[in-house]
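Below: the structure, in structure tokens.
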Amino acid sequence: MSSTTKTLVRKLAHNDASVREEAYNALKSFLKSKSSKKLDLLELEKLWKGLYFSMWYCDKPIPQQSLAGNLGKLFSEVISESCLKDFHEAFWLVILKEWPTIDKWRIDKYLMLIRRVIRHQIFRLNASQWPQEQLDDFLNVLQSLPLSDDPKVPKALSYHICDLFLDEIEYVIFKDFRDYSEESDEDEEDEESDDDDDDEDDEKDKSEKPSLQKNTEKTEEEIRTKKQEILSSTPISKLLEPFRHTSLNAKFKPLREKCKEVLYDDRLKEWGLIKSDDKDDDSDDEEWKGF
């Protein structure tokens with residue numbers, strides 16, 4: 001491990017918030033530099049170990065929410081394409097290794113971190129128009145690590161991925177169409193205020209909401225048409241391949257069933273990707289036929 005990496009890891013895991021913040025800013029600069037292209041999986045894993053403890057020592061909801069968003073941004077805005085797959089893999093290797101040590105007082109902030117990491121990778125893929133190699137790398141890492149049937153992978157972690165995945169796809173691709181007037185305070189706290197990187201866009205959307213409420217039926221039809229255009233350019237079927245694979249091959253039946261819940265989510269019916277009676281026709285031993 002290089003001296004630069006050692007220094008960053010030590011400062012990222014410091015119990016002083018100002019030292020951690022300084023280290024995070026230094027890490028961003030380092031990951032954007034040419035030197036970062038020489039980082040191997042082991043060094044990236046060490047960096048994620050430091051980032052893991054940066055979250056560990058982060059207290060109070062608002063700082064935790066801000067940090068989770070910032071760590072997610074490392075995927076969408078900072079890390080180079082050449083290091084992206086290893087950076088993603090290193091994240092999961094650290095999470096899987098440390099998961100048994102996370103106590104009940106800290107579990108929520110790590111669940112939030114996982115959600116942000118998934119969200120920002122989808123942001124990056126969407127902004128780049130879903131490049132095939134990046135998409136394959138993203139899905140292969142998910143399938144081989146958190147969605148693996150390996151007994152060493154905590155099932156609670158796999159279930160969390162199942163619970164959040166379509167939420168985050170929907171959040172990213174339909175972000176411009178969110179109806180804030182129908183969200184409760186709890187929803188807003190969970191989905192908006194906990195991600196500082198989205199605050200400015202959310203406030204702009206909210207300020208425009210009164211005019212949207214006055215839209216005619218024609219405008220609503222135009223919105224539906226626009227959503228269908230977005231769906232047609234989003235590889236939803238490809239994104240769900242890890243869940244399909246696990247639903248067919250996992251030895252642990254509850255995990256298979258959980259993945260099937262993703263594949264037969266009501267939103268997929270709403271988006272016209274599956275028929276409403278597909279689930280009724282499916283049996284436990286029958287192969288999922290896809291979209």
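Of the residues Leu42, Leu71, which single one is in contact (Cβ under 8 Å) with a residue 12 or more places away in the chain and surrounded by 18 or more Cβ atoms within 10 Å (Cβ to Cβ)? Explain how you work it out, then say what you get.
Numbers: Leu42 fails: surrounded by 18 or more Cβ atoms within 10 Å (Cβ to Cβ).
Unique residue meeting the criteria: Leu71.
So which residues in segment 246-255 are buried (at least 17 other Cβ atoms within 10 Å of the Cβ) and in a helix (DSSP H, G or I)?
Hits for segment 246-255 are Thr246, Ser247, Leu255.
Only one residue in Asp163, Asp150, Asp136 is free of Cβ contacts under 8 Å to residues at least 24 places away in the same chain, surrounded by fewer than 16 Cβ atoms within 10 Å (Cβ to Cβ) and not in a helix (DSSP H, G or I). Which one?
Values: Asp163 fails: not in a helix (DSSP H, G or I); Asp136 fails: not in a helix (DSSP H, G or I).
Answer to the check: Asp150.
Answer yes if at least one residue in segment 9-24 is in a helix (DSSP H, G or I), farther than 23 Å from Ile122 by Cα, among the small types (Gly, Ala, Ser) and free of Cβ contacts under 8 Å to residues at least 12 places away in the same chain, and no otherwise. So that I can check it myself, show each step before the final result.
Taking segment 9-24 as the starting set, the residues that turn out to be in a helix (DSSP H, G or I) are 9-12, 17-24.
Cutting the leftovers down to farther than 23 Å from Ile122 by Cα gives us 9-12, 17-23.
Those left that are additionally among the small types (Gly, Ala, Ser): 17-18, 23.
Going one step further and asking which of them are free of Cβ contacts under 8 Å to residues at least 12 places away in the same chain, we end up with 18.
Within segment 9-24 (the criterion being in a helix (DSSP H, G or I), farther than 23 Å from Ile122 by Cα, among the small types (Gly, Ala, Ser) and free of Cβ contacts under 8 Å to residues at least 12 places away in the same chain), the answer is yes, since at least one residue qualifies.
Would you check if there is a residue in segment 94-116 being outside any helix (DSSP H, G or I), more than 28 Å from Pro151 (Cα to Cα) and among the aromatic types (Phe, Trp, Tyr)? Show your work before the answer.
At the first step, the residues of segment 94-116 found to be outside any helix (DSSP H, G or I) are 102-106.
Among the residues that remain, those that are also more than 28 Å from Pro151 (Cα to Cα) are: none.
No, the conditions are met nowhere in segment 94-116.
Residues of segment 5-49 being of a type in the set (Ser, Thr, Tyr) and farther than 27 Å from Val141 by Cα, which ones?
Step one: of segment 5-49, the residues of a type in the set (Ser, Thr, Tyr) are 5, 7, 18, 24, 29, 33, 35-36.
Once the filter is applied, which keeps residues that are of a type in the set (Ser, Thr, Tyr) and farther than 27 Å from Val141 by Cα, segment 5-49 yields Thr7, Ser18.
Suppose the filter is in contact with a Phe, Trp or Tyr (Cβ under 9 Å, 6 or more places away or on another chain) and surrounded by fewer than 19 Cβ atoms within 10 Å (Cβ to Cβ); does Trp105 pass it?
Details: in contact with a Phe, Trp or Tyr (Cβ under 9 Å, 6 or more places away or on another chain): no; surrounded by fewer than 19 Cβ atoms within 10 Å (Cβ to Cβ): yes.
Answer is no for this residue.
Buried (at least 20 other Cβ atoms within 10 Å of the Cβ) and more than 26 Å from Pro146 (Cβ to Cβ): is that true of Ala23 in this structure?
Details: buried (at least 20 other Cβ atoms within 10 Å of the Cβ): yes; more than 26 Å from Pro146 (Cβ to Cβ): yes.
It is true that Ala23 is buried (at least 20 other Cβ atoms within 10 Å of the Cβ) and more than 26 Å from Pro146 (Cβ to Cβ).
What number of residues in segment 1-18 are crowded, with 16+ Cβ neighbours inside 10 Å, at pLDDT 95 or above and either under 23 Å from Lys85 (Cβ atoms) or not small (Gly, Ala, Ser) (or both)?
The qualifying residues number 5.
The values are calculated or read from the model by the stated rules, or taken from the named source; none is laboratory data. This is a predicted model, so every value here is computed, not measured. So basically every Cβ, Gly included, is an ideal-geometry build from the backbone, and we count neighbours across all protein chains shown.
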